[in-house]
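A.B. asks: Here it is, the structure, as structure tokens.
The values are calculated or read from the model by the stated rules, or taken from the named source; none is laboratory data. Only a predicted model underlies this, so the values are computations on that prediction, with no experimental measurement involved. Glycine gets a Cβ as well: all are built from the backbone with ideal geometry, and neighbour counts include every protein chain shown. Heavy atoms of the whole protein, side chains included, go into the accessibility calculation; ligands, DNA and RNA do not. Shrake-Rupley method; radii C 1.70, N 1.55, O 1.52, S 1.80 Å.
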Amino acid sequence: MVTVHVSNKEESPQMDNGGYSGSQLVHHFRSVLDAVKTGDRGNYDELVSYLYPKRNLSPDEVAILVTTLKALSGAVSYIDSDHHESLLFAVSRMSLWNNGTEVMDALLELITSLAATNGKYIDWCLEMLVKHFVPPFYMHGSLDNENGNNWKNKVLSRVHAALEEIADLVPLAPLRLCPIVVQNMPSVFSNDREIVLYVENMLKLESGAIGETVGSTVLPALVDRLLELDVEIGWDGILQEDTRGIFDMELEDIIKFAEEDENSDSMPQSELFNRENLQGKQDKKVVEKLDNLIVLALLHLESCQSSGRLAEVFDILLHSFQKTVLNAYKSKFTQFVMFYACALDPEGCGVKFAMVLADIFVSDVNPPITRMSAVAYLASYLSRAKFLSAALVTTIIQSLVDQCYAYCKLRDSGMNPRAHQVFYSGCQAIMYILCFRMRSLMDVPRLKLQLLNMPMEAIWKHKLCPLKVCLPTVVVEFLRQAKAAKLFMASESFVFNDMLESDLSKAFGGMDRLDMFFPFDPCLLKKSESYIRPHFVRWSKVRTTYDDDDDNVSEVSESGSEATDDDFVDTNTKDMIDDDMMVTVEDLDFNPDLNKMSITPKNSLKHLRMPARIRPSTSPESL
């Protein structure tokens, strides 16, 4: 094979046997490739040797490599995987990260030409590009400085440009790209930098020119990976379900945690302690990895909102949520991606999410576990989402009450948690929502009248006895607020004291309990929580019906509209209780078996408060 010498003009390479133009060199390479089929491999093997990666190339060696790659781009139609396997292997070993921009551009030209010329190389070319989403491990540390970050941008901008060019040349390429991106996604056990960089590129693909095609695949894949990480984080020790309760913490412990958290001044002690346990007793790498990935997802949602694509992306995420997250066991944080999307578009995504969950619950065609999960998500969402209107909350409460009331009218049997688990989950959802929302709804005359006209009393007094089955702390807080608000004033026969002191106390003797979870309990991931916080309602800020703060309440705004978010969230923190509706008892006995559904305080009910998390994010699937 002729030896390549390169003059200052790259387009006119010179050979040692005379002058060869670029087209002549292309023709020569075609002959070399074609000769392999007849057994002549001399020149071919020398050609392949030019392509094998080498370190510290001299300027002449760089020029030869660039010229070789460009000439091969013109001869791609002669490349045959059966005869030129070593050539393809040598090209696959080349890395954009280890070469200058001239070599990068020449290599990408070869990959693009090969993809456009022969369909059987599409997958090979796409995978070659996708593997460049993450730099070699030894370069990870350099990405933190300015030069490393600039180099990263140079490489990745070219990779994505090449993918878009191939998509233009081969219309089916985006469909072939989807499974390749998913299959090459780093596992939950990969290092944080690797998976974060890869997800950044996935989201860049989704927001790019081919996003309409790949989005329906890469976004669910991201949710699945978040969920895999999520379930890796256990709750053992976080709840302090031992002899030492959260409220037994020593003051110096709280101060120690506070000094390590810049947001601790606005964070209730219980949440701060839970976060410390999460980061201290679990694998910190898993927690930080999940936190970083969720932040990427939240930032991507903000970008989608700015570009007017949020509704489209939300539909994809909603489908993924229904398929995986909704029935996932122990999902604790992944669902906040949905929460944040709703917060960015309350009237669109926010309302749609609530209505979809309500529809899942009321539909008899859905499995019981799905209906129970849906209403648990619905109750937690309506309670915690600061951005939802009082009118929407009332409308959904009405649909839940109607569903439960219709169920009661068709039943004449007694209490049976296993047989009527969906009914009890609906009842608990109603009470849980009203624990957060009752005051704000009762402050609006129209909504107050709607609440008073709901047949709730008939549900609570039915033979199915939901007040004996639902979580006692939820029941106690609900009845306490209902009594103060005179929610059942239409009937003198509804005796609150009997319910609190007689029926509930009997339940502690072994009556079944409904095990539920509250999916939107406060997010314990430090970075992610900072995005969620402005849109999130904390129990310590909720005005209850028994609070003595009438001077701070205005039922209707000057414009005649309903209660605002400021009406819903109490800015007077004088009477703050520990977040998040934690039970002020030392221990909680928990049994996820539906036959023994029990979350029973060992102490008396005298000091019970609504729980922030009773076995946080324990999915009903465990039932």
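Okay, residues lined up against (1) at pLDDT 95 or above; (2) hydrophobic (A, V, I, L, M, F, W, C); (3) over 15 Å from the mean Cα position of the chain (by Cα):
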position	(1), (2), (3)
Tyr329	no, no, no
Val337	yes, yes, no
Cys342	yes, yes, no
Gly350	yes, no, yes
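A.B. asks: Which numbered condition trips up Lys54, out of (1) touching a residue at least 12 places away in the same chain (Cβ under 8 Å); (2) under 49 Å from the mean Cα position of the chain (by Cα)?
C.D. replies: (1)
A.B. asks: So, Gly141, is that one free of Cβ contacts under 8 Å to residues at least 24 places away in the same chain and either open to solvent by less than 30 Å² (accessible area, probe 1.4 Å) or in contact with a Leu (Cβ under 6 Å, 6 or more places away or on another chain) (or both) or not?
C.D. replies: no
A.B. asks: Just the residues that are among the polar types (S, T, N, Q), more than 20 Å from Asp40 (Cα to Cα) and in contact with a strand residue (DSSP E or B) (Cβ under 9 Å, 6 or more places away or on another chain), please, taken from the range 59-92.
C.D. replies: Thr67, the sole residue that qualifies.
A.B. asks: Still on this structure, please answer the following. Would you check if Tyr432 is more than 25 Å from Gly350 (Cα to Cα), touching a residue at least 24 places away in the same chain (Cβ under 8 Å), buried (at least 24 other Cβ atoms within 10 Å of the Cβ) and hydroxyl-bearing (Ser, Thr, Tyr)?
C.D. replies: no
A.B. asks: Quickly run through the range 78-122 and pick out the residues that are farther than 17 Å from Val26 by Cα and among the hydroxyl-bearing types (Ser, Thr, Tyr).
C.D. replies: The answer is Ser81, Ser86, Ser92, Ser95, Thr101, Tyr121.
A.B. asks: Residues being under 21 Å from Leu227 (Cβ atoms) and in contact with a Lys or Arg (Cβ under 8 Å, 6 or more places away or on another chain): count how many of those fall in the range 160-190.
C.D. replies: 3
A.B. asks: Okay, next question. Checking Val188 against (1) of a type outside the set (Asp, Glu); (2) surrounded by fewer than 14 Cβ atoms within 10 Å (Cβ to Cβ); (3) part of a loop (DSSP other than H, G, I, E, B): exactly one of these is not met. Which one?
C.D. replies: Every condition holds for Val188 apart from (2).
Here is a yes/no grid of residues against (1) more than 44 Å from the chain's Cα centre (by Cα); (2) at pLDDT 95 or above; (3) of a type in the set (S, T, N, Q); (4) closer than 25 Å to Val170 by Cα:
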| position | (1), (2), (3), (4) |
| --- | --- |
| His28 | yes, no, no, no |
| Ala35 | yes, no, no, no |
| Tyr50 | yes, no, no, no |
| Glu85 | no, no, no, yes |
| Asn118 | no, no, yes, yes |
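A.B. asks: Inside the range 161-173, can you point out the residues that are open to solvent by less than 10 Å² (accessible area, probe 1.4 Å) and of a type outside the set (Val, Ile, Thr)?
C.D. replies: Ala162, Leu163, Ala173
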